[in-house]
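A short write-up of the structure that comes next.
All of the numbers you see were taken from the coordinates with simple rules; none came from a lab. Note that the coordinates shown come from a computational prediction; the quantities given were computed from them, not determined experimentally. FYI the Cβ positions are ideal-geometry reconstructions off the backbone, even for glycines, and counts take in every protein chain you see.
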Amino acid sequence: MNPLNEKIEALGKGLGAAQVGFADLSGLPDGLNLGYPGAVSVVVRLSKGILAQMDDAPTATYFSHYRIVNRLIDEITLRVALALEEGGAMAVAVPASQSLPSVKGENPYRGLFAHKTAAVIAGMGWIGKSALFIHRDYGPAVRLGTVLTDAPLDIVAAPGKSECGSCQACVNP
Ligand code: SF4
């Protein structure tokens with residue numbers, strides 16, 4: 001593996017990421033990649049214990065967990081972005097959870113960049129019929145972070161293909 005990929009993967013995992021992937025964004029339609037040809041995609045697992053406390057609706061404990069996980073992701077992606085910039089690249093740590101001012105006709109909850117786009121291109125999972133990102137090992141029990149960058153990273157993963165098959169569990173519960 002490219003030493004820079006190794007360094008970034010070790011940094012992300014050392015800070016708490018379950019997986020760090022690398023995505024080639026050069027094939028995205030104009031503007032979606034904000035001018036960056038690549039991305040580092042970061043996966044952080046949600047706590048099984050906290051998820052197990054939920055029935056139909058999120059608990060107060062889950063909301064706290066959600067904020068803490070977002071904070072962890074923001075720390076990981078900031079540290080990754082700074083490390084890439086120390087090497088001479090440009091990098092943007094996309095906020096873990098962000099709602100930009102709404103633009104007429106667009107999703108009012110849109111962020112700067114859809115984290116699941118980079119995670120799928122990096123081969124770490126797929127978009128399920130629920131529209132959630134499904135990690136190939138942890139299912140939907142993850143949150144994602146993204147660093148957009150022009151750093152000379154190696155991209156070897158193939159985009160993740162859906163493994164939903166005939167399952168309809170989240171469509172017809
Ligand atoms: S269709 Fe099944 S496998 Fe696919 S996202 Fe929904 S529950 Fe998961």
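Worth a mention:
- Percent of Cα-Cα distances greater than 19 Å, calculated over the range 116-173: 33 percent
- √(5λ) per eigenvalue of the Cα gyration tensor, the range 3-149, largest first, Å: 24, 19, 15
- Amide H to amide H, with H built 1.01 Å from N, Val142 comes under 5 Å of Leu46, counting only residues 5 or more places away or on other chains.
- Taking Cα centre as origin and charging only the Cβ of basic (Lys, Arg, +1) and acidic (Asp, Glu, -1) residues, the dipole magnitude of the chain rounds to 440 debye.
- Taking the average, over residues, of other Cβ atoms within 10 Å as the packing measure, peptides 110-123, 85-98, 58-71 rank 110-123, 85-98, 58-71 from highest down.
- Count of lysine pairs in the chain with Cα separation under 24 Å (8 or more residues apart, or interchain): 9
- For the pair the range 157-173 and the range 59-78, the centres of their Cα atoms are 26 angstrom apart.
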